[in-house]
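The values are calculated or read from the model by the stated rules, or taken from the named source; none is laboratory data. No experiment lies behind these values; they were computed from the predicted model shown. Quick reminder, even Gly has a Cβ in these numbers, built from the backbone with ideal geometry, and neighbours come from all protein chains shown.
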Amino acid sequence: MIEKLDPNNFRYERKFFISGLSKHEVEAAVKLHPSMFDEIYYERNINNIYFDSFDMVNFFDNVDGQSQRVKFRIRWYGELLGFIEKPVLEVKIKQGQLGGKLHYPLDSFYLDEQFTNNKIRDIISKAKIPDELKYILVSLNYTLLNRYTRKYFQSKDKKYRITIDSDMKYVHLSHLYNSYLNEFVDYLNNILELKYDKDDDEGARVITNHFLFRMTKSSKYVTGIERLHHTML
C-alpha cells in the first residue's frame with residue numbers, strides 16, 4: 001500500500017506539446033502573457049529513471065488514458081552519467097487532471113556501464129522508504145532513462161507556475177549492461193506545463209485561452225518508450 005497524499009497537496013498539471021516553435025519563441029509567449037510571468041529559477045537539466053512492470057502496466061495505463069495512475073521514477077539534477085548526487089525516488093500519483101508526488105531521498109550512486117537492475121534494487125532496499133513501497137519497487141524493472149532542460153516561470157499573483165522543457169533525450173536501459181548509446185534526442189519540440197492549486201482552476205482558463213498553442217496529452221515516459229522502440233526496429 002502506497003502512503004496516502006493529503007488531497008490538499010494535489011494540483012492541476014496542464015501540458016502543451018509544442019511543435020513548430022523554438023524554445024525562445026515559447027519563452028517569449030510566456031513572458032508577454034498578461035498574467036506577467038517572470039523567470040523564478042535558474043535553468044537546469046533534469047534526469048529521470050522510470051520503472052514499470054514486466055508487462056508495462058504503467059505505460060499502457062497512460063496510453064489508454066486511465067484516470068488513476070501511479071508512476072515510479074528516480075530523479076536528479078545535473079549530469080546524466082557518472083556520480084549521481086542527491087537522487088530522489090518520486091512516486092507520482094495521478095487522479096484525473098490532478099496530480100501529487102511523494103519524495104524519498106536515496107543514497108548517491110554511479111550511473112555507468114555496470115549499472116543494472118540489481119544495483120538499483122540494492123539502493124532501494126537500503127533506502128528509508130515504507131516496506132510496502134520497497135516490495136512494489138523490487139518487482140519492477142527500470143525501463144527508460146531521460147533528460148531535458150527546464151526553465152521555470154511564475155505569474156505575478158504567484159498562483160500559477162509554468163515550466164518549459166526542451167532538448168529532450170531518451171536512452172534505452174538494459175538490465176545487464178549499459179553503453180547508453182541507444183538514444184533518441186528531440187531538439188525540435190518543447191513541452192510547456194501549467195501548474196496550480198485546484199482552487200485556482202477557474203482563473204487558469206484565462207491563462208490557457210491566451211496562448212496560441214492548445215493543451216494536449218503528453219507523457220515523456222510514453223514518448224521515450226515509443227521513440228526508442230521505433231529506433232530499435
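Return yes or no: is His103 touching a strand residue (DSSP E or B) at 6+ places or on another chain (Cβ under 7 Å) and part of a strand (DSSP E or B)?
Details: touching a strand residue (DSSP E or B) at 6+ places or on another chain (Cβ under 7 Å): yes; part of a strand (DSSP E or B): yes.
Answer is yes for this residue.
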Problem - When residues of the stretch 112-129 are limited to those that are touching a residue at least 60 places away in the same chain (Cβ under 8 Å) and buried (at least 17 other Cβ atoms within 10 Å of the Cβ), the one nearest to Val91 (Cα to Cα) - result: Ile120
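Taking the stretch 130-149 as the search range and keeping residues that are out of contact with any Asp or Glu (no Cβ under 9 Å at 6 or more places or on another chain) and modelled with pLDDT under 95, which one is surrounded by the fewest Cβ atoms within 10 Å (Cβ to Cβ)? Please lay out each step first, then the result.
Of all residues in the stretch 130-149, those out of contact with any Asp or Glu (no Cβ under 9 Å at 6 or more places or on another chain) come to 131, 134-139, 146.
Going one step further and asking which of them are modelled with pLDDT under 95, we end up with 131, 134-139.
Working: Asp131: 7, Lys134: 15, Tyr135: 10, Ile136: 18, Leu137: 20, Val138: 13, Ser139: 11.
Checking each candidate, the answer is Asp131.
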Exercise for the section: For the stretch 78-86, state whether one or more residues are touching a helix residue (DSSP H, G or I) at 6+ places or on another chain (Cβ under 6 Å) and either surrounded by fewer than 17 Cβ atoms within 10 Å (Cβ to Cβ) or not hydroxyl-bearing (Ser, Thr, Tyr) (or both). Expected result: no
Handout entry: Residue tally, condition under 19 Å from Lys220 (Cα atoms), aliphatic (A, V, I, L, M) and part of a loop (DSSP other than H, G, I, E, B), over the stretch 10-37
Key = 1
Practice task
Go through the residues of the stretch 82-93 one by one and say whether even a single one is aromatic (Phe, Trp, Tyr), touching a residue at least 12 places away in the same chain (Cβ under 8 Å) and assigned to a strand (DSSP E or B).
Solution key: yes
